1. Collect the residues in segment 49-100 that are assigned to a helix (DSSP H, G or I), within 19 Å of Phe220 (Cβ to Cβ) and aliphatic (A, V, I, L, M), keeping them in residue-number order.
2. Out of all the residues in segment 110-127, which are open to solvent by less than 40 Å² (accessible area, probe 1.4 Å) and part of a helix (DSSP H, G or I)?
3. Taking segment 191-246 as the search range and keeping residues that are within 16 Å of the ligand (Cβ to nearest atom) and β-branched (Val, Ile, Thr), which one is surrounded by the fewest Cβ atoms within 10 Å (Cβ to Cβ)?
4. Note down all Cβ pairs under 9 Å where the first residue falls in segment 140-166 and is loosely packed, with under 11 Cβ neighbours inside 10 Å, the second is not in a helix (DSSP H, G or I), and they're at least six residues apart or on different chains.
5. Can you name every residue in segment 75-87 that is β-branched (Val, Ile, Thr) and either in contact with a strand residue (DSSP E or B) (Cβ under 9 Å, 6 or more places away or on another chain) or more than 14 Å from the ligand (Cβ to nearest atom) (or both)?
6. I need every pair where a residue in segment 53-67 that is modelled with pLDDT of 95 or more has its Cβ under 6 Å from the Cβ of a residue that is charged (D, E, K, R) and open to solvent by 20 Å² or more (accessible area, probe 1.4 Å), sequence separation at least 6 or different chains.
7. Report the residue count in segment 59-74 for those that are more than 10 Å from the ligand (Cβ to nearest atom), under 19 Å from Asp108 (Cα atoms) and open to solvent by 20 Å² or more (accessible area, probe 1.4 Å).
Amino acid sequence: MQEYLNKIDKDRLPEHIAVIMDGNGRWAKAHGKPRVFGHKNGVKSVREISEAAAELGVGYLTLYAFSTENWSRPALEVSALMGLLVETIRSEVSTLNKNNIRLKAIGDLSKLPKRSQNALLEGIAQTDKNTGMTLILALNYSSRWEITTTIKKIAEESKDGLIDPSDVDEAFISRRLATAEFPDPELLIRTSGEQRISNYLLWQIAYSELYFTDVFWPDFRKVHLYKALVNYQGRERRFGKTSEQL
Ligand code: FPP
């Protein structure tokens, strides 16, 4: 692990890392256990990766914890995930404070069970003063929901005569997205071997480096994050320019 850590250039870390935590169900199946067992072990990875990112000095970490599509899972699994969320936030607030981590959330939170909403809002309020890393949970989130909501907002502003079409540029749109207060992620990691974006931060990852690993989320440890960062730092980010222009 130290070998990878030594290779990381602390001056060239991504400011924002986004993660699609995938493979909990398959990990559980491989251990002959129910899917919820995978999610419970996934929480250990959430803890470890949040700590590792904060220790390194990453500014923002966004985790895809529940997508708008996840409601179609068996009711028992959905309620277990919601329960896990409440339990985890309540039990982790003191650790978040100890590590100076600020909790935030993106997504249509109004559709979450009241208990989950309350735990989330409490966690956000209790960590609001922290100045280290921002940990953003994407909950009942999907990009198409976010973009649709944003377009509705802009249409309302236009109808009310508050804006002119000439006001609309990329920054104008970014300021109205759920992620308005966060920079775009430079790195997106997806675990479990799937190579899809699954309706996640579509606007924000326009220039992100994508990193896919076969490791299932419950097995994802600090060393895997370090490997992803070494790989990221080995890439040339050109933003449409040629190598010579950089
Ligand atoms: C994907 O694995 C994982 C999820 C849909 C949920 C992620 C949730 C957690 C790690 C726990 C709760 C999180 C927090 C922040 C407290 P999958 O079930 O789709 O796996 P599969 O593709 O193998 O079926």
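1. Within segment 49-100, Ile49, Ala52, Ala53, Ala54, Leu56, Leu81, Leu84, Leu85 qualify.
2. Ser116, Gln117, Ala119, Leu120, Gly123, Ile124 - these are the residues of segment 110-127 that are open to solvent by less than 40 Å² (accessible area, probe 1.4 Å) and part of a helix (DSSP H, G or I).
3. Per the criteria, the residue is Ile197.
4. Listed pairs, sorted by first residue: Arg144/Asn199; Arg144/Leu202.
5. Once the filter is applied, which keeps residues that are β-branched (Val, Ile, Thr) and either in contact with a strand residue (DSSP E or B) (Cβ under 9 Å, 6 or more places away or on another chain) or more than 14 Å from the ligand (Cβ to nearest atom) (or both), segment 75-87 yields only Val78.
6. Gly59/Glu15
7. Residues flagged as more than 10 Å from the ligand (Cβ to nearest atom), under 19 Å from Asp108 (Cα atoms) and open to solvent by 20 Å² or more (accessible area, probe 1.4 Å) within segment 59-74 amount to 3.
The values are calculated or read from the model by the stated rules, or taken from the named source; none is laboratory data. Keep in mind the model is a prediction, meaning the values are calculated, not measured. As a convention, Cβ positions derive from the backbone with ideal geometry for all residues, glycine included, and neighbour counts pool all protein chains shown. Surface areas here come from the heavy atoms of the whole protein model, side chains and all, with no ligands, DNA or RNA. Shrake-Rupley method; radii C 1.70, N 1.55, O 1.52, S 1.80 Å.
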